[in-house]
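Remarks on the structure that follows.
The values are calculated or read from the model by the stated rules, or taken from the named source; none is laboratory data. Computed from a predicted model, the values in this text were never measured in an experiment. Positions of Cβ are backbone-derived with ideal geometry, glycine not excepted, and every protein chain shown enters the neighbour counts. Quick note on the areas: whole protein, heavy atoms, side chains included, nothing else; ligands and nucleic acids left out. Shrake-Rupley method; radii C 1.70, N 1.55, O 1.52, S 1.80 Å.
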Amino acid sequence: MIAGNAGDDVIEGLGGGDVICGGDGNDRLLGGGGNDDLSGDAGNDTIDGGATSLYASDFVLYSRAPGPVTVNLTLGTATGWGTDTIIGVEGISGSNQGDSLTGGASDDQIIGQSGNDTLNGMGGDDFLSGSSGDDELGGGAGEDTAYYWSAPLGVKASLITGRAVAPAWGSDRLIGIEDLDGSDSDYTDHLTGNGGPNYIRGFRGIDVIVAGGGPDVLEGRQGSDRLDGGPGRDRGLGGPGRDSCRRVERKSSCEKRWR
């Protein structure tokens, strides 16, 4: 980690994955190549992730902000902990308050952290996590995923109703979301698709995945999962465990028929 001081700093990370904190003052942070985590901290900062590549993803962090922040990668601005200018960044991690976080035209990953947050992926294929709190996740254009990897208990999410509920985690509203990722806990997730093409993954636990219409992909991962493809030509991937499938035209690791 590279940390600045209370003055106006210029910190350059060059190649590799860097963690850079500007400290107080009006700082300029340059991530360079690699997957960088950049926090301007207090002050009016310029945060530049560097040149983008197929496998590089830079994050701007506001986890230590004392209040809510508004971050917009389309406009390249952030307010709430000073006024920052943001360049070449593909990911946002918000504060522990109620934030407004907006992505850009390309593929972004947006994490709300604690608080009741509003996330908007905009263009590209985005990954959105409100984390704990009652959040609103808007995918925008592209194929967007609402993910619940860190939820401590099972998740019940439906793209038909546009709602997701996770005990001890929160209740979210889902808008313009095509894909779902369940929790990586040992508890059961109930994940339901809609009439379009969906990619739904259960991860750990004994999960129940029900697709709607459209050519869907259902992936149970670990645990003895139940996969229902519904109408359309679907693909089911059971993964480890004794999995049950029905209405799945192309299947792998489906040991039992779900009756």
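Summary table
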| read-out | value |
| --- | --- |
| Table column - 3J(HN,Hα) (Hz), region 46-51, Karplus curve with 6.51, -1.76, 1.60, x for Gly and Pro | 10, 10, 10, x, x, 4 |
| Per-residue HN-Hα couplings for region 168-185 [Karplus 6.51, -1.76, 1.60; θ = phi - 60°; Hz; x = Gly/Pro] | 6, 9, x, 10, 10, 9, 10, 10, x, 9, 9, 10, 10, 10, x, 7, 9, 9 |
| Net charge contributed by nearby residues that have their C-beta within less than 11 Å of G88 (K/R +1, D/E -1) | -4 |
| Added length on full extension, which subtracts the Cα-Cα distance from 0.36 nm per residue, R173 to T85 | 28.8 nm |
| L153-W258 pseudo-label distance in nm [points 7 Å out on the Cα-to-Cβ vector] | 2.3 |
| Region 138-204: translational diffusion in µm²/s, Stokes-Einstein, Kirkwood Rh over Cα pairs, 25 °C, 0.890 mPa s | 211 |
| Taking all pairs of distinct alpha-carbon atoms in region 124-259, Kirkwood radius in angstrom | 14.3 |
| Dipole of the chain, positive direction: furthest Cα of L101, G40, A157, with charges on the beta-carbon | A157 |
| Choice from P68, P197, P240 with maximal GNM fluctuation in the chain (Cα, 10 Å cutoff) | P240 |
| Cysteines not pairable in the chain (beta carbon separation under 4.7 Å absent) | C21 |
| Residue-span extension gain [R250 to T74] - 0.36 nm each, minus C-alpha spacing | 59.4 nm |
| Long-range amide H partners of D37 with built H, under 5 Å | D18, V19, I20, F59 |
| Kirkwood-based shape ratio for region 1-40, expressed as Rg/Rh from alpha carbons | 0.95 |
| Region 155-224 and region 1-42: distance between their alpha carbon centers, rounded to Å | 37 |
| Residue-wise HN-Hα coupling along region 62-78, computed from phi with Karplus coefficients 6.51, -1.76, 1.60 (Hz; x: Gly, Pro) | 10, 5, 9, 5, x, x, x, 10, 10, 10, 9, 6, 5, 7, x, 9, 8 |
| The chain, relative contact order [Cα under 8 Å, separation at least 6], % | 8 |
| DSSP-assigned coil residues among GluC sites (Glu not before Pro) in region 159-259, each with at most 16 further Cβ atoms within 10 Å | E249, E255 |
| Cα-based Rg of region 15-144 normalised by 2.2 N^0.38 Å, two decimals | 0.95 |
| Kirkwood hydrodynamic radius (C-alpha pairs) into Stokes-Einstein, the chain, 37 °C and 0.692 mPa s, D in µm²/s | 173 |
| Label-point separation in nm, Q222 to A6, each point 7 Å along Cα→Cβ | 4.7 |
| Charge sum, other residues only, whose C-beta stays under 10 Å from D134's C-beta, Lys/Arg counted +1 and Asp/Glu -1 | -3 |
| Environment charge of I160, counting only residues whose C-beta is closer than 15 Å and scoring Lys/Arg +1, Asp/Glu -1 | -2 |
| Accessible surface, per residue, of the chain when the full set of protein chains is kept, probe 1.4 Å, Å² | 43 |
| Interchain or long-range residues, amide H under 5 Å from V217's placed H | N198, Y199, I200, R235 |
| With DNA, RNA and ligands ignored, accessible area of T70 (1.4 Å probe; Å², nearest 10) | 70 |
| Considering only the chain, percent of DSSP beta bridges that pair antiparallel, nearest 5 | 15 |
| Cα centre as origin, Lys/Arg/Asp/Glu Cβ charges: the chain dipole, Debye | 1780 |
| Rough spin-label spacing in nm, given labels placed 7 Å along Cα→Cβ, for R64 and V19 | 1.1 |
| With all protein chains modelled, accessible area of C21 [1.4 Å, Å²] | 30 |
